[in-house]
């Protein structure tokens, strides 16, 4: 069941993103307060930030539709970087962000 205050919670998240440029830059003290809001789960530090484009490309690798080397070249990252994101998606320890170019 979703929270009735979801709009308010999203507004708080949006204000933090605008103020700090990214949720990754928000100080721990501000995140601690955010996690106390109903409907917001605690996000541990081992979660990976993945853009929508990266996620779509990584899913192709995971489904066997594209090779790891080609994908890492297209994303301009190493195979080790790609392996870490694949593991994060497998373990459901990731969050999707918007592409910078979008």
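Rule-based calculations on the coordinates, nothing more; no lab input. Just so it is clear, the structure is predicted and the values come from calculations on it, not from any experiment. Every residue, glycine among them, receives a Cβ derived from its backbone with ideal geometry; neighbour counts consider all protein chains shown.
If the chain between residue 66 and residue 31 were fully stretched, how many nm would it gain, using 0.36 nm times the residue separation less the Cα-Cα distance?
8.9 nm
Along Cα→Cβ, 7 Å out, is where each label goes; now give me the distance between the ones at residue 53 and residue 77 in nm to one decimal.
Taking the two extended label points, one gets 1.3 nm.
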